[in-house]
Each structure stands twice: as structure tokens, then as C-alpha cells.
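Okay, so here's the structure we're looking at.
Please treat every number below as a calculation from the coordinates, not as lab data. Nothing here was measured: the structure is a model prediction, and the numbers come from that model. Backbone-built Cβ (ideal geometry, glycine too); neighbour counts: all protein chains shown.
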Amino acid sequence: MTKRTATGGRRRSAFVIAAVVALLVQLIAIYSPGSPEGNGVFGADKLVHVVLFAVPSALAVLGGGRLARWVPLLLLGHAVVSELVQAWWIPSRSGDVYDVLADVVGVALGWAIGRRLRPAGDSATHAERLT
């Protein structure tokens with residue numbers, strides 16, 4: 001194993017762990033009953049949604065591999081599902097189409113930031129694109 005391969009493996013592992021932590025934070029924030037709706041600051045709730053979806057998306061893209069492809073797609077589905085769950089099953093919460101839009105913006109922004117921050121020469125290999 002070359003030094004570059006070992007460094008890349010550690011780097012990928014760090015991004016995977018960070019993405020998992022970000023997803024756990026997202027789940028707690030989204031599914032906690034009665035969480036505050038922006039604390040009276042206009043647009044704060046939507047900004048929180050953007051950040052909650054941008055961070056795991058960016059970290060997944062930075063981690064590379066299948067994670068880079070599947071996590072952003074799964075986050076898009078989760079954006080819709082989470083609002084339905086909030087509307088139907090979580091006390092003191094409601095679903096909001098504008099929250100879904102903020103989530104989608106977050107996923108797209110995270111994906112773009114992740115792609116921009118990936119080191120030069122770290123684009124997907126042919127084998128990675130096929131899997």
C-alpha cells in the first residue's frame with residue numbers, strides 16, 4: 001500500500017464518520033417533538049433545514065465512492081419523507097413544502113461544495129463510476 005493510498009483511506013474514513021455524525025444530528029433535529037421553529041427570526045427555520053441537509057451531502061461527496069452518489073439521492077427522498085412524518089406522527093410538528101424546498105437546496109448546495117472541495121485528481125475513477 002502506498003502512502004497516498006493510506007492517506008486517501010484515512011481521509012475517506014474521516015469523511016464517512018463525519019457524514020454519519022451529521023446524519024445523526026439531522027435525524028435528532030428533524031424528528032424531535034416540538035422543536036423550535038426559528039425562535040422568531042424570519043427565515044431561520046429554512047436556514048437550519050439548508051444546513052442540516054447540506055452538511056451530510058457535502059461530507060458524503062468528499063468521502064467519495066458510492067457514498068458520494070447515494071447519500072445525496074437518499075437525502076432528497078428523506079426531505080419529502082421527513083415532512084410527511086412530521087405532519088402525520090410527531091406531536092407539535094407540521095409538514096411544510098417550503099421545508100422540503102430548503103432541504104433540496106441544502107442537498108444541492110452540499111453536493112456542489114463537496115465537488116468543489118474535492119482535491120484535484122480525486123474525481124471518480126472509471127470503476128467507481130460503474131458501481
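Please report the projected area of the stretch 15-72's Cα convex hull averaged over all directions, in nm². Working shown, then result.
Numbers: hull surface 15.9 nm².
Result: 4.0 nm².
For a distance above 17 Å, tell me the whole-number percent of Cα pairs in the stretch 5-116 that qualify. Can you show the working numbers first?
Values: 3277 of 6216 pairs.
Here the long-distance tail beyond 17 Å is 53 percent of all Cα pairs in the stretch 5-116.
When you count, for each residue, the other Cβ atoms within 10 Å and take the mean per peptide, how do 10-19, 87-96, 102-111 rank with the highest first?
Numbers: 10-19: 15.6, 87-96: 12.8, 102-111: 21.4.
The densest-packed peptide leads the list: 102-111, 10-19, 87-96.
Quick one: if the Förster radius is 25 Å, what FRET efficiency do Arg12 and Ala44 give, using the C-beta to C-beta distance and rounding to 0.05?
On the way: r = 34 Å, r/R0 = 1.34.
Step by step, r from the Cβ atoms, then E = 0.15.
Would you mind calculating the gained length between Leu117 and Val85 on full extension (0.36 nm times residue separation, minus the Cα-Cα distance), in nm to one decimal? All intermediate terms of the calculation are to be shown ahead of the outcome.
Numbers: separation 32, 0.36 × 32 = 11.52 nm, distance 3.34 nm.
The span from Leu117 to Val85 would gain 8.2 nm if fully extended.
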